[in-house]
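Written out below as structure tokens is the structure these notes cover.
All of the numbers you see were taken from the coordinates with simple rules; none came from a lab. Quick caveat: nothing in here was measured; it's all calculated off a predicted structure. Positions of Cβ are backbone-derived with ideal geometry, glycine not excepted, and every protein chain shown enters the neighbour counts.
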Amino acid sequence: WRQYNNVDAALKQLLIGAVERIYIRTLQHRHTGFANVTTRQLIEHLLRTYGNITPTDLADNDLRFKTPYDPAEPIETLLSQIEDAMDYADAGSNAYTASQVVSNSYNLIFNTGMFPEACREWRKRPDAEKTWTTFKTDFAEAHRDFRLSQTTTQGAGFQSANNVMD
């Protein structure tokens with residue numbers, strides 16, 4: 001119980017320090033400040049008062065959801081992009097379906113042109129196995145193989161073939 005209270009107090013101080021006072025002023029008591037306000041109450045107040053997600057916000061989120069992936073970046077960049085968009089859409093009461101998530105993610109990977117074998121294997125999977133969890137596992141492995149092949153190619157000296165002198 002003591003640990004819970006200490007953690008709540010620490011979180012509350014971090015939240016109060018991170019948010020401009022004007023946005024939480026209505027919860028502050030004139031004499032006791034925020035002593036009788038929990039972290040949860042602060043968060044609920046902020047969400048209820050300022051956490052409105054508009055249709056325009058959802059359209060912008062959809063653009064982020066569909067932003068092309070650069071395979072030179074870690075695969076986690078793509079996975080985070082998708083999961084952040086999923087969370088935001090869900091918060092806006094417009095959640096993506098599991099099928100939309102997997103389909104969009106596959107298209108982003110496919111459009112790079114860098115993972116043809118992994119894409120071929122993915123298409124061969126039964127639909128029941130085409131889940132977000134399976135996608136993350138399969139394409140993280142494919143990306144690891146891609147990085148290793150890039151390292152091997154560079155180590156073999158192929159990148160300097162154009163520098164050969166007569």
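Of note:
- Counted residue by residue at 0.36 nm each, then reduced by the alpha carbon distance between them, the extension gain from Asp8 to Asp87 reaches 26.0 nm.
- q = 0.11, 0.12 Å⁻¹, the chain: log10 I(q)/I(0) [Debye, one scatterer per Cα]: -0.70, -0.77
- For Ser80 and Asp145, a Förster radius of 25 Å and the Cβ-Cβ distance give a FRET efficiency of 0.75, rounded to the nearest 0.05.
- Proximal lysine pairs, the chain, alpha carbons under 29 Å, eight or more residues apart or interchain: 4
- Global dimensions of the range 2-72 from alpha-carbon coordinates: Rg and Dmax equal 17.5, 56 Å.
- Reported to the nearest whole Å, the Cα centre-to-centre distance from the range 89-143 to the range 1-60 is 36.
- Compared with the dominant Cα axis of the chain, that is its longest principal axis, helix 39-50 is turned about 80°.
- Length added when fully stretched, Asn36-Ile53, from 0.36 nm per residue minus Cα-Cα: 3.2 nm
- More than 13 Å apart - percent of Cα-Cα pairs taken over the range 78-143: 63
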